[in-house]
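The values are calculated or read from the model by the stated rules, or taken from the named source; none is laboratory data. Worth saying up front: this structure is predicted, and the values here are computed from it rather than measured. Glycine also receives a Cβ, built like all others from the backbone with ideal geometry; neighbour counts cover every protein chain displayed. Quick note on the areas: whole protein, heavy atoms, side chains included, nothing else; ligands and nucleic acids left out. Shrake-Rupley method; radii C 1.70, N 1.55, O 1.52, S 1.80 Å.
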Amino acid sequence: MPAAKDHPRFPKEEYSRRYREIRKRMRARGLDVLVMYGDSGSHGGNQASIKYVTNYQDPVSSFAVFPLKGEPALYISNRLYLPYAKQMSVFGRTEAVDYDPGAKVERRIRELGLEKGAIGVVGYRGILKTSIPFSVMDHWRRALPGASFAEATELLHEVRAVKSKEELKWFRRGAALTDMAFEAL
């Protein structure tokens, strides 16, 4: 679905650059797939990694499945947001979790043939390191007994820390708009 004018996004080349960097680090760590989680905490800041790869920030919670090879997928919290998510996301596959995120993500991992793969788990940093709800992690451990799970939050933090020329251009634009708002006040 084409991006609406009121939903700006980086050009495809920027997302290609990001995905190359992420996959380079996945290969170095021996990871077959990343499963990312974000929720509405910290004024949406807990969605930063998902927004970085998908261009969508869920108002509640979401999961992204990002394989080393194959099509990534975004799973959002509420079916009511699905048209908006499909318009915003740069992923071709965007679906609602329908109250069972563990099973939806598990299904995608199986579709990719990675039920015995190395799964990197990306949440956000906090007291528990990875913030994925216990019930979801428990579901995956039971449903995918041949898989190995590894904390991979820092992998996305490393990629996000190095800003491209395109990102810096958007930061400057945002700063200029903030300056204009302060001047208007």
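I need the strands (runs of 3 or more DSSP E) fully contained in the stretch 81-185, keeping only those with at least 3 residues that are touching a residue at least 24 places away in the same chain (Cβ under 8 Å) and closer than 28 Å to R17 by Cα.
Of the strands (runs of 3 or more DSSP E) lying wholly inside the stretch 81-185, those with at least 3 residues that are touching a residue at least 24 places away in the same chain (Cβ under 8 Å) and closer than 28 Å to R17 by Cα span 118-122, 148-151.
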Can L34 be described as buried (at least 16 other Cβ atoms within 10 Å of the Cβ), of a type in the set (A, V, I, L, M, F, W, C) and either free of Cβ contacts under 8 Å to residues at least 12 places away in the same chain or under 16 Å from R160 (Cα atoms) (or both)? yes
Residue count, the stretch 64-112 (criterion: modelled with pLDDT of 90 or more, farther than 29 Å from E13 by Cβ and either among the hydroxyl-bearing types (S, T, Y) or open to solvent by 50 Å² or more (accessible area, probe 1.4 Å) (or both)): 2
Residues satisfying the stated conditions in the stretch 113-142, i.e. among the acidic types (D, E) and modelled with pLDDT of 95 or more: E115
Qualifying residue in the stretch 3-19 (condition: closer than 21 Å to G113 by Cα and at pLDDT 95 or above): yes
